[in-house]
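The values are calculated or read from the model by the stated rules, or taken from the named source; none is laboratory data. Quantities reported herein were computed from a predicted structural model and do not represent experimental measurements. Using ideal geometry, Cβ is built from the backbone for each residue, glycine included, and neighbour counts are taken over all protein chains shown. Keep in mind that these areas ignore ligands, DNA and RNA; they rest on the heavy atoms of the full protein, side chains included. Shrake-Rupley method; radii C 1.70, N 1.55, O 1.52, S 1.80 Å.
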Amino acid sequence: MEFQNLINGVWKNSASGKFSENRNPANWNDDLIGMFPLSTEADVNEAVDAAKEAFKKWRLVPAPKRGDVLKVVGDIMVERKDEIAFEMTREMGKVIAETKGDTQEGIDTAFYAASEGRRLFGYNAPSELYNKMNLSFRIPIGVGGIITPWNFPMAIPTWKIFPALVCGNTVVFKPAELTPKTANTLVHIIDEAMRIVLGKDYIPGVINLVHGKGSVVGECLLANKNVDLISFTGSTLVGRRINEVGGRELKRVSLELGGKNAQIVMDDANMDLALDAVLWGAFGTTGQRCTATSRLILHKNIHDKFIEKLLERVKKLKLGYGNEKGVDVGPCVSESQRETVDEYVKIGLNEDKAKMITGGEKATEGNLAKGWFYKPTIFTDVTPDMRIAKEEIFGPVLSVLKCNDLDEGVKILNGTEYGLSSSIFTNNVNDAFRAVRDIEAGITYINGATIGAEAHMPFGGVKATGNGHREGGWTVYDFYSEWKAVYIDYSGKLQRAQIDNY
Ligand code: UN1
């Protein structure tokens, strides 16, 4: 089946007439999901022009009504949750419980955005002059270019698109090439909700979808002078480029980039809880989360016992197609992603001191041969200078390090260029609070896994994980709006601030 772009309210093919295949990573040869447009510069420019034109009207729609659109989007997503999740698992591989969670995160974001349409609070402040009033409002910015990854094909686009729309911006959405179907479903839902809520006042071009390659569609969005803001989640390499070009063009840029998240386990911690958490954090989503636990830092007193238990549990994880019952871990999203994982395992094996205690190879038994499966892998005796301790792998590989005390644990945790998520397991309240203070990360969990952020809280990281913006909750609205200060002088005379009153 051939899918299309949405430009100016019309579903249409790319100007190129070309398509790329989308296949199931758990059953590559036998399950073709669809053909998606390989779009060109002409498609991007047409979508941006449409979004620019639509902005003139959309910015005037009352924010609560813009919120009503998101309410309907959320309602439709609730109705279609199971089907969306099933198709998402088919498209990118993570297990059905997780794709339901991904969809739920989108639903939560929709309802938050719907209610934000009735807030978008401004501030007022007293004037320093008599008979004068000072107010400030959030105003929309213009056209947003939204570029998203494949690992959360529903939640991440919603984190960006919903607040952008509620604030009164229009959108050109370029989803990951590996997950175009979920993007198509989302945009269909948004367009349907627009038509339901706005009726005869429907505005074409508020949301546009352009499928294709980052090197073409992403680059053209970046180059287009009418794109006012770019929100991107993906690699630090690409993020740096977007920041450079966007900076030169004075675009507003929000970046969510890499992570090398760690879980610390102190010797007073609840071991079983810490064990459940690391299994979930490291191997959930096949390790393909920005927030995945890719380092485990164990206090020396519990190190050996913990590893023994961990090994026992990892061996029980069941690999398979995520839409089948009882499966814990799905495939890597693509052949090349699995190759990257395998290369990192080889890098780990080349380290003299590091020991690979399980996994370390492609999983090819029975039906697993049909997909891009990789065995959950653990390296112990890892030291902070090793590449497997520093670089993001984005796969089912866990590096275990040892610490003597809290200070050393935190120092190891902080010893990477990234700072997204982090976790510490301890029952010592003083250690917990010191960790909250000293860990360099945008997210810290006490006695919880590094994954599982909630949609209404600030999401993002410090250091090379981003450029200081946060998604989620109230914080994301700062990115999608800017401030207008308004002074109302009702004195009937010219009053010169800072001069006539002092
Ligand atoms: C990501 O991996 O890019 O906190 C997003 C979590 C999810 C979102 C992850 N709610 O793990």
Can you give me the long-range amide H partners of G258? Hydrogens built in the peptide plane at 1.01 Å from N, cutoff under 5 Å, separation of 5 or more residues or another chain. T236
Heavy atoms only, probe 1.4 angstrom, no DNA, RNA or ligands counted: give me S115, S254 ranked by accessible area, highest first. S115, S254
Using the reciprocal of the averaged 1/r over all distinct C-alpha pairs, how large is the Kirkwood radius of the range 206-334 in Å? 18.0
Considering only protein heavy atoms, what is the solvent-accessible area of L250 at a probe of 1.4 Å, reported in Å² to the nearest 10? 150
For the chain: relative contact order, % (alpha-carbon pairs under 8 angstrom, 6 or more apart): 18
Return the equivalent ellipsoid semi-axes of the range 255-330 as a descending list in whole Å, where each equals the square root of 5 times an eigenvalue of the C-alpha gyration tensor. 23, 18, 8
Leading residue at positive end of dipole, the chain (Cβ point charges), from G366, S294, A455: A455
So which aspartates and glutamates can K12 reach, going by Cα to Cα under 18 Å and dropping same-chain residues fewer than 8 places off? E2, E21, E41, D43, E46, D49, E177, D191, E192
Mean 1/r over all different Cα pairs, inverted: what Kirkwood radius does the range 261-446 give, in Å? 16.5
Nonlocal amide H pairs with N24, under 5 Å, H built at 1.01 Å: D31, I33
Using a 1.4 angstrom probe and counting only protein chains, how large is the accessible area of W483 in Å², to 10? 110
Roughly how many nanometres apart are two label points built 7 Å out from the Cα toward the Cβ at M133 and K484? 1.6
Which helices, counted as full DSSP H runs in the chain, have an axial Cα extent of no less than 20 Å and a Kyte-Doolittle average of 0.5 or above? 180-198
At 222 nm, what value in deg cm²/dmol follows for the chain if DSSP H runs of at least 4 each add -39500 (n - 2.57) and the sum is divided by all its residues, to the nearest 500? -11500 deg cm²/dmol
Dimensionless Rg/Rh of the range 367-432 - Kirkwood Rh, Rg from C-alpha atoms: 1.07
Provide Rg over Rh for the range 181-223; use the alpha carbon set for both Rg and the Kirkwood Rh (inverse mean inverse pair distance). 1.10
Just the Cα atoms of the range 1-157, one point each, no solvent: what log10 I(q)/I(0) does Debye give at q = 0.19 Å⁻¹? -1.36
What residues have an amide H closer than 5 Å to that of M133, excluding those fewer than 5 places away on the same chain, when H is modeled at 1.01 Å from N in the peptide plane? I488, D489, Y490
In nm², what is the average projected area of the convex hull enclosing the Cα atoms of the chain? 26.7
Can you send over the solvent-accessible area of R470, 1.4 Å probe, protein chains only, in Å² to the nearest 10? 60
Measuring from the lowest to the highest alpha carbon on each principal axis, how far does the range 1-87 reach, largest first, in angstroms? 49, 35, 16
Across 10 Å bins beginning at 0, the whole-percent shares of Cα-Cα pair distances in the range 310-399 come to 17, 49, 28, 5, 0
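Among DSSP beta bridges whose residues both lie in the range 261-446, state the antiparallel percentage, nearest 5.
Counting only bridges with both partners in the range 261-446, antiparallel ones make up about 15 percent.
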Karplus ³J(HN,Hα) for the range 366-383 (6.51 cos²θ - 1.76 cosθ + 1.60, θ = phi - 60°; Hz, whole; x = Gly/Pro) runs x, 5, 5, 5, 7, x, 9, 7, 9, 5, x, 10, 10, 10, 10, 6, 7, 10
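Sum up the charges of everything whose Cβ sits under 15 Å from the Cβ of F459, counting Lys and Arg as +1 and Asp and Glu as -1, but leave F459 out.
In short, -4.
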Output the pairs from K100/K160; K52/K94; K213/K362; K56/K100; K375/K402; K56/K493 with a Cα-Cα distance over 30 Å in this structure; if there are none, say none. K52/K94; K56/K100; K56/K493
Evaluate the relative contact order of the range 261-446 (contact order divided by residue number), counting alpha-carbon pairs under 8 angstrom at least 6 apart; express in whole percent. 28
Could you sort I424, I357, I141 by accessible area so the largest value comes first, with the probe set to 1.4 Å? I357, I141, I424
For F152, F425, give me the order by solvent-accessible area with a 1.4 Å probe, most accessible first, ignoring ligands, DNA and RNA. F152, F425
How much of the DSSP beta bridge set in the chain is antiparallel, as a percent to the nearest 5? 40
Rg(Cα) / (2.2 N^0.38 Å) computed for the range 71-166, rounded to two decimals: 1.49
